[in-house]
Amino acid sequence: MMHDFKEVISMKSFLTMFKDSSKEFENVRSLTITAIFIAISMVIEKFTINLPFTKINFAFLAIAVIGMLTGPVMGFVAGMICDIVGFLVNPTGAFMPIFTIIAGLQGLIYGILLYRKQENFCIGKLSENVSLSIRAVIARVLDVVIINLFLNTYFTVKLGFIPNKTFTMVLEGKLVKNLLEMVIDIPLLVLLLPAVIVIYKKTITNRHSV
């Protein structure tokens, strides 16, 4: 009975998170933050390193921050906007809506795992800080596995961008590339999120004190 009760509470909290995140669209501060980090994401995209069948960039960092500060709903929308704007600024090939949805799922992942974790973050509060880092690592791993390795690769083959016979070779190449990239990605994410939280809290405090 107690286990069932905890599951109900957990599900209620999960659904509440989406409800709260949808309300971020009514918050001018959240909209401003999202717009700023979408712009940052576009700047980062300019430094993308294009390789055969894949590309290397750190635009996910901006999406992770949006997810953390505004939640999964705003994160999902922001991810799609980044994909659309990125295509308009630097069109390569035909526009594929399915990849826009996949880009939105990236923001959804970071939003689910990181939303409002900044509220408990405090320099010197080890347990909460470790919890944020663990969630950041899990979010990045899920992003890489679900988005980069599975969905992007699957639809790239399904839509005929690469032949079926090279699927295994491409997947292996992307797996190696993403594993190597995560050696840099994860430390960057773990260091960036606390820094953003500190700046965010100082900005909010200063505004309230004026």
| message | Over 30 Å between Cα atoms: which of LYS23/LYS202; LYS46/LYS158; LYS19/LYS174; LYS19/LYS201 fall into that group? | response | LYS19/LYS174
| said: If packing is taken as the average number of other Cβ atoms within 10 Å across a peptide's residues, how do 154-163, 191-200 rank, most packed first? | reply: 191-200, 154-163
| request: Along Cα→Cβ, 7 Å out, is where each label goes; now give me the distance between the ones at VAL190 and VAL130 in nm to one decimal. | output: 1.3
| said: Starting from the 7 Å offset along Cα-to-Cβ, what nm value, one decimal, do you get for the label separation of PHE47 and VAL141? | reply: 2.7
| query | Using a basic spin-label model with each label point 7 Å from the Cα along Cα→Cβ, how many nm lie between THR92 and PHE25? | reply | 3.1
| said: Test of the criteria: in segment 54-118, which trypsin sites (Lys or Arg not before Pro) are in a DSSP loop and have at most 15 other Cβ atoms within 10 angstrom of their Cβ? | reply: ARG116
| In Hz, Karplus ³J(HN,Hα) per residue of segment 86-103 (6.51, -1.76, 1.60; θ = phi - 60°; x = Gly, Pro) | x, 5, 5, 6, 9, x, 10, x, 7, 6, 10, x, 4, 6, 5, 5, 4, 4
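Bear in mind that the values in this text are calculations on the coordinates, not laboratory data. Being a predicted model, the structure only gives us computed values, none of them experimental. As a convention, Cβ positions derive from the backbone with ideal geometry for all residues, glycine included, and neighbour counts pool all protein chains shown.
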